[in-house]
Amino acid sequence: MENVWDALKKIEADAEQIRIDAQTEAKAIITLGKQDADKLVANGQTYANEEAQQLYSDAVEEANRSRDEHLKTNEGAVEKLKIAAQKHMDSAVLEAVKAVLEEM
């Protein structure tokens with residue numbers, strides 16, 4: 001009977017050790033999982049920041065291209081207006097001179 005009692009004690013001690021080992025291993029697995037999750041979040045934030053920076057850079061480039069196109073268009077319009085004004089300059093001066101002379 002004593003052998004059975006000793007065997008039961010040993011089985012119970014082994015079971016307790018298995019429970020403790022399993023609990024320790026579960027805690028280690030949870031800790032590793034949390035660490036991996038933290039790394040994923042950090043990587044996600046890094047990726048999001050890089051993506052946002054790229055989108056910002058692309059938007060700035062597009063805005064610059066658009067501005068340059070508008071400047072070219074406006075410069076062409078200014079040049080046309082200068083040419084048109086120059087064509088009318090002689091007649092405007094002549095009219096001004098006539099008006100001054102008539103006043104005299």
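Brief remarks on what is shown
- Selection count, the range 1-38, where residues are surrounded by fewer than 10 Cβ atoms within 10 Å (Cβ to Cβ) and hydroxyl-bearing (Ser, Thr, Tyr): 0
- Residue check, Ser91 at negative phi, surrounded by 10 or more Cβ atoms within 10 Å (Cβ to Cβ) and hydroxyl-bearing (Ser, Thr, Tyr): no
Each reported figure results from applying straightforward, stated rules to the coordinates on display, with no laboratory input. Predicted model, so just to flag it, every value in this text is computed and none were measured. So basically every Cβ, Gly included, is an ideal-geometry build from the backbone, and we count neighbours across all protein chains shown.
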